[in-house]
Amino acid sequence: MNTIKTTILLTLLTLLLIFAGRLIGGPNGMIIAFVFAVGLNFISYWYSDRLVLKLYKAQEVKPGDNHLLYEIVRDIATRARLPMPRVYIIPTDSPNAFATGRNPKHAAVAATRGIIRTLDRDELEGVMAHEMAHVAHRDTLISSVAATIAGAISMLAIMARWTAFFGGGDDEDGGGIIGLLVLSIVMPLAATIIQLAISRSREYEADKGGAGFSHKPRALASALRKIHNYSQRAPLPAQPATAHMFIINPLSKKGLVNLFMTHPPVEERIKRLEAMSRGI
């Protein structure tokens with residue numbers, strides 16, 4: 001089911017990108033957009049993990065470092081029967097964590113310095129089990145590819161807006177000025193909605209899977225509450241394009257931004273986890 005969902009959503013995003021290319025440049029623009037989409041998927045598949053780890057200056061924890069985080073991830077990987085991922089620490093005091101990588105054999109999990117200091121061992125284990133569930137479900141690949149294509153669609157929308165402003169657009173092949181204006185408004189919104197559908201559903205599933213790996217749903221619920229509360233006071237200086245990757249959205253939620261959050265409500269996630277702990 002996860003594979004089918006991945007295929008459908010990536011196909012929709014790719015078609016949006018190709019359609020955007022047609023509106024801007026007609027048939028030639030569509031071909032260029034298609035080639036662009038293939039190139040973006042290739043880059044996302046092979047290099048998205050390296051790029052995001054470098055973006056946050058993540059430092060790898062080696063097997064011989066005898067670090068608590070490494071030990072926790074190793075124990076979870078053993079229990080979940082998953083390959084041992086690379087483990088990284090992000091040098092920031094704001095507590096958060098994410099997973100990345102194209103598949104379980106090439107995965108990496110990263111936790112901030114702040115989350116290691118803020119959570120107790122059970123809570124940290126719950127968080128890393130959540131991230132390992134993302135790895136097991138192969139969520140890391142689809143989220144990276146979706147974010148890359150959605151970003152490209154937003155860039156094309158900006159191009160379309162300027163093209164329409166200067167009177168561009170081919171009425172026969174590209175839809176004309178009206179088509180370009182529609183593109184600049186509708187396409188980014190559609191891409192965002194698809195991203196939300198991906199991100200919100202995978203967070204619930206990762207909470208459930210992580211609770212199964214750790215057998216400590218209440219500890220994960222407690223960790224989510226702590227991370228959420230801290231993030232409200234001191235948000236992690238994250239890039240919006242990568243906010244969906246973190247266990248808790250690291251960006252502050254004010255005004256209309258709250259309508260387009262990449263994560264489901266923390267209160268609902270906690271409620272579900274606490275219900276799991278009661279055997280409901």
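Readers should treat all values here as calculations from the given coordinates under stated rules, not as data from a laboratory. It should be emphasised that the depicted structure is a prediction, and the values quoted were computed from it without experimental measurement. With ideal geometry, Cβ positions are generated from the backbone for all residues, glycine too; neighbour counts draw on all protein chains shown.
The protection proxy used here, the mean number of other Cβ atoms lying within 10 Å of each residue, ranks peptides 82-92, 238-248 as follows, highest first: 238-248, 82-92.
What net charge is computed for the residues neighbouring Met276, neighbours being all others with C-beta under 14 Å from the C-beta of Met276, Lys and Arg scored +1, Asp and Glu -1? The answer is +3.
Got a sec? How would Leu69, Leu55 order by Cβ neighbour count within 10 Å, fewest to most? Numbers along the way, then the final one.
On the way: Leu69 21, Leu55 13.
Neighbour counts put them in this order, fewest first: Leu55, Leu69.
Listed by chain and number, the aspartates and glutamates whose C-alpha is less than 17 Å from the C-alpha of Lys105, apart from same-chain residues fewer than 8 away, are Asp49, Glu60, Asp75, Glu131, Asp139.
Sorted by mean Cβ packing within 10 Å, highest first, what order do the peptides 271-277, 59-65, 129-135 take? Could the numbers behind the result be given before it?
On the way: 271-277: 16.1, 59-65: 12.4, 129-135: 27.4.
Averaged packing, sorted descending, gives the order 129-135, 271-277, 59-65.
Among Arg102, Arg202, the order by Cβ neighbours within 10 angstrom, fewest to most, reads Arg102, Arg202.
Taking label positions 7 Å along the Cα-Cβ direction at both Leu15 and Ser277, the computed distance is 4.4 nm, reported to one decimal. Rounded to the nearest 0.05, what FRET efficiency is calculated for Asn66 and Asn28 with R0 set to 51 Å and r the Cβ-Cβ distance? E between Asn66 and Asn28, to the nearest 0.05, is 0.30. Taking a ≥ b ≥ c as the square roots of the eigenvalues of the Cα gyration tensor, the range 185-252 is oblate, since a/c reaches 1.5 or more and a/b is not larger than b/c.
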